[in-house]
Amino acid sequence: MVAPQDPREEVIQAWYMDDSDEDQRLPHHKDPKEFVSLDQLSELGVLSWRLDADNYETDEELKKIREDRGYSYMDFCEVCPEKLPNYEEKIKNFFEEHLHTDEEIRYCVAGSGYFDVRDRNEKWIRIWVKKGGMIVLPAGCYHRFTLDTDNYIKAMRLFVGDPVWTPFNRPHDHLPARDMFKISCRRKLVTALSMLLRNLCNSLLIGSIVLALINKETSVYMVCLCLRLLELPVWFNCLCSISACLVAATAVNSP
Ligand SMILES: [Fe+2]
């Protein structure tokens, strides 16, 4: 068996869910399985870490995360039929699609469970968090929770300041937290597209310079390259690269 490249993947895995109404504690994989990477989760604002759950009291990495992100509050929540009062009612409530006006931060120190989040196209992604996995669901992100078939999780709950656990069941799209979440997702998408465009521009420009060198017409392309090196906005890069490419193509086709 090939070892996972990212150590987080040993304790946190995600996949798109099927549409079956079977027991919510089952994995609900699609057929064929459709996994979601931790990078894809981070594009939705879902952060993740792998930590030392056997030594959380003295774990320097956890301490640093708490300091960096201002997680001053901490407690534990055990979810299983024997230990959670009103278990049946609570497990039903946890599985209602809802959002919070603050982050939901959960660090699994024992057992495991599923956190389901909606992607940009409203499809459910199931995130399986096992011992040592810590995730942050952003404020305004619709989600739900269920145990898996092992029926047990002990999770550390963290919060900035006094905890507010209020769930707002869907629909609660009018909340500012929901707007902020959508804006943040859009920004991440624009950033990813800009990177893609920038890489495309670079490829075009390199191709144009090669053509220019072949045709001994370097001046136009050197100007474009200098402008490119100034780290100007992506639309300007795009313009320079396309212009250079057109000039180069014209030069190649001219007698
Ligand atoms: Fe929640």
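Would you mind stating whether residue 111 is more than 16 Å from the ligand (Cβ to nearest atom), crowded, with 19+ Cβ neighbours inside 10 Å, in contact (Cβ under 8 Å) with a residue 12 or more places away in the chain and in the same structural domain as residue 43 (by TED's automatic domain parsing)?
Spelling it out, residue 111 is indeed more than 16 Å from the ligand (Cβ to nearest atom), crowded, with 19+ Cβ neighbours inside 10 Å, in contact (Cβ under 8 Å) with a residue 12 or more places away in the chain and in the same structural domain as residue 43 (by TED's automatic domain parsing).
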Within the stretch 70-124, which residues are over 18 Å from residue 24 (Cβ atoms), touching a strand residue (DSSP E or B) at 6+ places or on another chain (Cβ under 8 Å) and not in a strand (DSSP E or B)? 71, 72, 100, 101, 102, 103, 119
The stretch 160-183 - residue that is more than 12 Å from the ligand (Cβ to nearest atom) and of a type in the set (Val, Ile, Thr) and, of those, surrounded by the most Cβ atoms within 10 Å (Cβ to Cβ): 160
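Within the group 118, 157, 106, 69, which residue is touching a Phe, Trp or Tyr at 6+ places or on another chain (Cβ under 9 Å), more than 12 Å from the ligand (Cβ to nearest atom) and touching a residue at least 12 places away in the same chain (Cβ under 8 Å)? So that I can check it myself, show each step before the final result.
Numbers: 157 fails: more than 12 Å from the ligand (Cβ to nearest atom); 106 fails: more than 12 Å from the ligand (Cβ to nearest atom); 69 fails: touching a Phe, Trp or Tyr at 6+ places or on another chain (Cβ under 9 Å).
On inspection, the qualifying residue turns out to be 118.
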State whether one or more residues within the stretch 74-87 are more than 16 Å from residue 146 (Cα to Cα) and surrounded by 13 or more Cβ atoms within 10 Å (Cβ to Cβ). yes
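Mind listing just one residue for me: the one in the stretch 127-146 that is away from the ligand (no atom under 11 Å from the Cβ) and small (Gly, Ala, Ser) and, of those, surrounded by the fewest Cβ atoms within 10 Å (Cβ to Cβ)?
Step one: filter the stretch 127-146 for residues away from the ligand (no atom under 11 Å from the Cβ), giving 127-136, 138, 140, 146.
Keeping just the survivors that are small (Gly, Ala, Ser) gives 132-133, 140.
Working: 132: 21, 133: 27, 140: 25.
Looking at residues that are away from the ligand (no atom under 11 Å from the Cβ) and small (Gly, Ala, Ser), I get 132.
Which of the residues that make up the stretch 29-58 are farther than 24 Å from residue 181 by Cβ and either in a loop (DSSP other than H, G, I, E, B) or not assigned by TED's automatic domain parsing to the domain that holds residue 88 (or both)? Break it down into steps so the answer makes sense when it comes.
Quick first cut of the stretch 29-58, residues farther than 24 Å from residue 181 by Cβ only: 29-33, 50-58.
Matches in the stretch 29-58: 30, 31, 32, 33, 51, 52, 56, 57, 58.
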Looking at this structure, is residue 52 in contact (Cβ under 8 Å) with a residue 24 or more places away in the chain, more than 30 Å from residue 186 (Cβ to Cβ) and within 16 Å of the ligand (Cβ to nearest atom)? no
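The values are calculated or read from the model by the stated rules, or taken from the named source; none is laboratory data. Here the structure is a predicted model, which is why all the values come from computation and not from measurement. Cβ: placed from backbone, ideal geometry, glycine included. Neighbour counts: every protein chain shown.
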